[in-house]
Amino acid sequence: MTSTTSESVVPGRRRRRFARSPRFTDGLLGAAGLAATLAVLELSTIAGLLPERTFPRITSDLGELAGLAGGSELWTAIGRTLQGWAISFAIAVVVAVLLGVAIGSSSLLRAATNAVIEFLRPIPSVALIPLVVLVLGTGLQSKVFLAAFAAAWPVLIATIYGMRDVEPVALETARAFRARPHDRLLSVVLPSAVPYIATGLRVASTTALILCVTAELVIGSPGLGQSITVAQAGGQYRLMYALIIATGLLGVLLNLVFVALERRLLRWHPSQRAKEVVQ
């Protein structure tokens, strides 16, 4: 049996040594990997393997980002991107969860909608840009539609699978006690589906951010993507890379938020308890 602590006894002194958790070790390895990647890029530019005119040193890009953080332009762009992300993500979650619960609860609806879902799901949101621009223009509505369309699929599929992966014994027990369909849904089916939905939400949050930035890049909606395009068109490459780094950091932050929420809200679920035991 492995213990999280170990003791070594020395004459006259007792010392307790604490084992590091896997999460702490993974964090150190991730930081080391990131530092190594940045160092390779920096050395590649210094050595001339990458053209410094169009690929400035990483230290210069980070310095540019630090300078932007002291002004309002960066935060305005981030705010506009997050506005589109929040609206599209909320729409995707509400529509996908409601449809997923309805489809997952009915074999008739699953059979009737399967072909439609399999037809629409592989369509890239980027392929809809010409149609969306013609119908909705180049404003916030287009960005929200494209991001919501892409983000809805992970939540919808996860919800449908979660509704179908209910423990048969628990469901039969609820029926044996003559629980009403509404009570069975709330007490048995949804708790079983929630971990699936949580995973779908985490994937959808990143997908919505990607499509918001893509819409800003392609159709010129205000936000980080538009700022990146303007910087590239003006030959301001340090600014362009600084904005790209800011976009990546925003995606990492959103993912960390959803991971933390999932861990806290699903603490009761066996999968989360198993992770805590391992860690």
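The values are calculated or read from the model by the stated rules, or taken from the named source; none is laboratory data. Being a predicted model, the structure only gives us computed values, none of them experimental. Cβ placement follows ideal geometry from the backbone for every residue including glycine, while neighbour counts extend to all protein chains displayed. We work out accessible area using only protein heavy atoms, side chains counted, and drop any ligands, DNA or RNA first. Shrake-Rupley method; radii C 1.70, N 1.55, O 1.52, S 1.80 Å.
Label separation (L134 vs R263): 4.8 nm, computed from points 7 Å beyond Cα along the C-beta direction. Computed from backbone phi, the HN-Hα couplings of segment 125-138 come to 4, 4, 5, 8, 4, x, 5, 5, 5, 5, 8, 10, x, 10 Hz, rounded to whole numbers (Karplus: 6.51 cos²θ - 1.76 cosθ + 1.60, θ = phi - 60°; Gly and Pro given as x). Positive end of the dipole of segment 77-267 (Cβ unit charges, origin at the Cα centre): among L249, I219, G162, the Cα lying farthest that way belongs to G162. If only the Cβ of Lys and Arg carry +1 and only the Cβ of Asp and Glu carry -1, the dipole of segment 77-267 around its Cα centre is close to 300 debye.
With a 1.4 Å probe and every protein chain left in place, work out the accessible area per residue of segment 77-267 in Å², rounded to a whole number. Could the numbers behind the result be given before it?
Working: 9950 Å² over 191 residues.
Each residue of segment 77-267 exposes 52 Å² on average to a 1.4 Å probe.
Over segment 51-175, with every protein chain in place, what whole percent of the accessible area is carbon and sulfur at 1.4 Å, could you tell me? Don't skip to the end; give the middle numbers.
Working: 4660 of 6830 Å².
Carbon plus sulfur share of accessible area: 68 percent.
Full extension of the segment from V230 to E52, taken as 0.36 nm per residue of separation minus the current Cα-Cα distance, would add 62.1 nm. Applying 1/(1 + (r/R0)^6) with r as the Cβ-Cβ distance of L253 and D165 and R0 = 35 angstrom yields a FRET efficiency of 0.70.
Note the full-extension length gain between A35 and V95 as 0.36 nm times their separation in residues minus their Cα-Cα distance, in nm to one decimal. Spell out each step's value before the answer.
Numbers: separation 60, 0.36 × 60 = 21.60 nm, distance 4.06 nm.
Here the segment from A35 to V95 would lengthen by 17.5 nm.
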